[in-house]
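These notes are about the structure you will find just below.
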Amino acid sequence: MSHGDDPRTHDVIDPSTEQVVDTVELADVEQTDRAIERAAAAQRQWARLAPADRGRLLRRFADVVDSHIEDLARLEVRGAGHTIGNARWEAGNVRDVLAYYSAAPERLFGRQIPVADGIDVTFKEPLGVVGVIVPWNFPMPIAGWGFAPALAAGNAVVLKPAELTPLTAMMLGRLAVEAGLPEHLLSVVPGRGSVVGERFVTHPLVRKICFTGSTAVGQRIMRGAADQVKRVTLELGGKSANIVFADSDLERAAATAPYAVFDNAGQDCCARSRILVQRSVHDRFLELLESAVQKVRVGDPGADDAEMGPLISDGQRRTVRSFVEDAEQPVDVLFRGSAPEGAGFWYPPTVVRPRSVADPVWREEVFGPVVAVLPFDDEAEAIAMANDTAYGLSGSIWTRDVGRALRVSRGVEAGNLSVNSHSSVRYSTPFGGFKQSGLGRELGPDALDSFTEVKNVYIATGD
Ligand code: NAD
């Protein structure tokens, strides 16, 4: 039965069939408060456990996730339209991030600092309850990047999944209990941003917000957090550049470019949605790109060979269209890939030529399978064009010249760059944005610092 009009529930829709997958109850403010209070109690219990035991429980959580990879992945295919290949990787990423940070409880070292007439030591203390707020585009990895290091650093977590995609987060919450983590230590609270998310920001027991989502909501959270000087980590939007120099392996650059932007149907904050090509190879690059785009397999995301699925919702498809067909002055579509017709929120991979760098499709985050291509003349112009954006999340640089690769990497104002590759995310290396793409870094060895407070203790030794 559909509860479509009930404000206390949300129907999760399969984006490839438009059928209701499940109906989820949305928490109100009282339920959110209870989850936060219980998490605070569980945190005190968690912090009393021996570091080795906390590590062991996190490893067990990783193992339980590992034994449910296929269930989690299938649920993400239905509830979010991710391709099965991607969804398996995403569930595996949760396992890997848990395993990586399970080593942390026994390695949260402080320092001993030389001082007169005593000794001075520092401790990395947990914050208490951390609120993790997740967007709909990568429900599993983004949840894990928040909760795994937060728990490893001795905190409890209240986690709000996005309204559209709560199912895998809810399952991860159940798996945490199955693995033996204290009840309520990781509490998944499905609900609206304006209710549950806002309450995380205003509740004094929540000491930090770890937010991933749009820049507009991130700004609002940062403003709200100021009232209690609440800590924030923000991972926001992007408009990343894929810079292709004439001296690159042009075949590889063109063959991989579609996957750098159309993966997850372009609903990826790291999508390289602007391609900058050196003018002397521009026409040849476009020929190669056209055949690569036509090879992208768009279809039933549950099929093993699917490379791209549908968009998350009809609303998102309307937004994407507004940058191409429905723009006040429609942009020039250079070529397109294919997409199924009929039920499902499908949109084909689309390559466009903006009229100028002022065009919204060149400046704004489309969050769909649309990429804009423009030529540049030299290295300085490429860097200037790449940096001409409010964002600074990721980017790629294609060249065979090592010096140029390093110069351009240092010149582009973005947190995650790759040379002759499009990889952005490894759980062992830091991830985050420059400028309006965010604040702080997730993953890697340093993420633990943003889930702890440094405490300094001086002990007088007397004379
Ligand atoms: P969104 O900002 O609308 O929502 C993100 C989350 O915030 C959801 O859970 C939502 O319910 C919640 N929220 C909404 N209003 C809130 C409020 N007032 N207070 C507290 N929480 C609130 O974003 P979205 O549409 O779900 O996700 C798409 C955006 O996320 C894109 O702009 C994308 O670039 C960005 N994103 C960034 C990264 C990154 O790592 N930088 C990763 C993924 C997505």
Complete set of residues in the stretch 263-312 that are assigned to a strand (DSSP E or B) and of a type outside the set (Val, Ile, Thr): Arg274, Leu276, Gln278, Met308
Candidates Gly315, Gly309 - the one that is open to solvent by 20 Å² or more (accessible area, probe 1.4 Å), outside the structural domain of Thr165 (by TED's automatic domain parsing), within 24 Å of the chain's Cα centre (by Cα) and farther than 26 Å from Leu417 by Cβ: Gly315
Checked Val232, Val201 against criteria (assigned by TED's automatic domain parsing to the domain that holds Asp14 and either at positive phi or under 17 Å from the mean Cα position of the chain (by Cα) (or both)); the one match is Val232
Matching residues in the stretch 177-195 - criterion: being open to solvent by less than 10 Å² (accessible area, probe 1.4 Å), under 21 Å from the mean Cα position of the chain (by Cα) and more than 12 Å from the ligand (Cβ to nearest atom): none
Residue in the stretch 268-281 that is most open to solvent (accessible area, probe 1.4 Å), counting only those that are out of contact with any Leu (no Cβ under 7 Å at 6 or more places or on another chain) and farther than 16 Å from Ala414 by Cα: Arg279
Against the condition outside the structural domain of Asp401 (by TED's automatic domain parsing), away from the ligand (no atom under 16 Å from the Cβ), outside any strand (DSSP E or B) and open to solvent by 60 Å² or more (accessible area, probe 1.4 Å), how does Val217 come out, does it pass? no
Restricting the search to the stretch 399-426, which residues are touching a Cys at 6+ places or on another chain (Cβ under 9 Å) and among the β-branched types (Val, Ile, Thr)? Val425
The number of residues in the stretch 35-50 that are free of Cβ contacts under 8 Å to residues at least 60 places away in the same chain and surrounded by fewer than 15 Cβ atoms within 10 Å (Cβ to Cβ) is 3
Yes/no for Glu163 being surrounded by fewer than 24 Cβ atoms within 10 Å (Cβ to Cβ), closer than 25 Å to Asp449 by Cα and within 9 Å of the ligand (Cβ to nearest atom): no
Among Val115, Val134, Val130, which is the only one that is surrounded by fewer than 17 Cβ atoms within 10 Å (Cβ to Cβ) and not aromatic (Phe, Trp, Tyr)? Val115
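Kindly indicate whether any position in the stretch 20-34 is open to solvent by 80 Å² or more (accessible area, probe 1.4 Å) and over 24 Å from Leu185 (Cα atoms).
Checked against the condition, which is being open to solvent by 80 Å² or more (accessible area, probe 1.4 Å) and over 24 Å from Leu185 (Cα atoms), the stretch 20-34 yields no hits at all.
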Yes or no: the stretch 196-203 includes at least one residue that is out of contact with any helix residue (DSSP H, G or I) (no Cβ under 7 Å at 6 or more places or on another chain) and more than 10 Å from the ligand (Cβ to nearest atom). no
Strands (runs of 3 or more DSSP E) wholly in the stretch 350-463 with at least 2 residues that are within 16 Å of the ligand (Cβ to nearest atom) - which ones? 370-376, 394-398, 416-419
Residues (open to solvent by 20 Å² or more (accessible area, probe 1.4 Å) and part of a loop (DSSP other than H, G, I, E, B)) located in the stretch 231-262: Ala246, Asp247, Asp249
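The values are calculated or read from the model by the stated rules, or taken from the named source; none is laboratory data. Please read these numbers as outputs of a predicted model, since none were measured by experiment. Virtual Cβ from ideal backbone geometry, glycine too; neighbours counted across all protein chains shown. SASA here: full protein model, heavy atoms, side chains in, ligands and nucleic acids out. Shrake-Rupley method; radii C 1.70, N 1.55, O 1.52, S 1.80 Å.
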